[in-house]
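As structure tokens, the structure follows; a few thoughts come after it.
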């Protein structure tokens, strides 16, 4: 027997053993995916400090529930022709999903060349609070939640009259 015959015989024997089905196995996995509702936010109510006169200067605050206040010696609040309100943003998305909240507000609200400093506060309950900002939320079983935004204005002793405006931008993103 020469070497070529030995190699051919070995290859034939190896091929015979390789075709035995007893050494093969397989399994199947299922590929799945769930597309969820994109998170969305809309402004439902604007933040309004109402009407006031500068008085001796100081601050005017609107809590996250919409209650307005000022120190005893300070701006003079007017009840005529304006209703203070906290801003409300409505968030919708996937049921029970958690999300992050980022609030960016103009540091000042302006009327022409005049301005007042604005500091905002926020919560998820519309509580009568004037401090803190919420950073996360969890959508309800119906996929909804509201964010309430209040704030404090710094009013100068000689604050110029006018209609002052600024922006509050609330950004939400799934965690």
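The values are calculated or read from the model by the stated rules, or taken from the named source; none is laboratory data. From a predicted model like this one, the values you see are computed outputs, not experimental measurements. No Cβ is skipped: glycine too gets one built from the backbone with ideal geometry, and neighbour counts run over all protein chains shown.
Numbers below:
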{"quantity": "Subset of segment 156-173 that is farther than 23 Å from residue 71 by Cβ and loosely packed, with under 14 Cβ neighbours inside 10 Å - its residue that is farthest from the chain's Cα centre (by Cα)", "calculated": "163"}
{"quantity": "Flag if residue 153 is more than 18 Å from the chain's Cα centre (by Cα) and part of a loop (DSSP other than H, G, I, E, B)", "calculated": "no"}
{"quantity": "Any hit, segment 66-73, residues being more than 30 Å from residue 116 (Cβ to Cβ), in contact with a strand residue (DSSP E or B) (Cβ under 7 Å, 6 or more places away or on another chain) and modelled with pLDDT of 95 or more", "calculated": "no"}
{"quantity": "Residues located in segment 101-127, provided they are surrounded by 14 or more Cβ atoms within 10 Å (Cβ to Cβ) and out of contact with any strand residue (DSSP E or B) (no Cβ under 9 Å at 6 or more places or on another chain)", "calculated": "114"}
{"quantity": "Only listed residue being closer than 20 Å to residue 94 by Cα and out of contact with any helix residue (DSSP H, G or I) (no Cβ under 6 Å at 6 or more places or on another chain), chosen from 131, 138", "calculated": "138"}
{"quantity": "Condition met for residue 90 (touching a residue at least 60 places away in the same chain (Cβ under 8 Å) and in contact with a strand residue (DSSP E or B) (Cβ under 9 Å, 6 or more places away or on another chain))", "calculated": "no"}
{"quantity": "Where a residue in segment 160-172 is farther than 17 Å from residue 119 by Cα and its partner, wherever it lies, is part of a loop (DSSP other than H, G, I, E, B) and modelled with pLDDT of 95 or more, with Cβ under 7 Å and at least six apart", "calculated": "162/112; 172/39"}
{"quantity": "Residue in segment 78-88 that is modelled with pLDDT under 95 and surrounded by fewer than 10 Cβ atoms within 10 Å (Cβ to Cβ) present", "calculated": "yes"}
{"quantity": "Among the candidates 84, 71, residue that is in contact (Cβ under 8 Å) with a residue 12 or more places away in the chain, more than 27 Å from the chain's Cα centre (by Cα) and under 21 Å from residue 156 (Cα atoms)", "calculated": "71"}
{"quantity": "Boolean, residue 11 is under 53 Å from the mean Cα position of the chain (by Cα), modelled with pLDDT under 95 and either surrounded by 10 or more Cβ atoms within 10 Å (Cβ to Cβ) or not in a strand (DSSP E or B) (or both)", "calculated": "no"}
{"quantity": "Subset of segment 15-52 (residues that are surrounded by 10 or more Cβ atoms within 10 Å (Cβ to Cβ) and either assigned to a loop (DSSP other than H, G, I, E, B) or at pLDDT below 95 (or both))", "calculated": "36, 37, 39, 46, 47, 49, 50, 51"}
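Rundown of residues vs (1) part of a loop (DSSP other than H, G, I, E, B); (2) on the phi < 0 side of the Ramachandran plot, yes/no style:
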site: 73; (1), (2): yes, yes
site: 89; (1), (2): no, yes
site: 127; (1), (2): yes, yes
site: 132; (1), (2): yes, no
site: 161; (1), (2): yes, yes
site: 173; (1), (2): no, yes
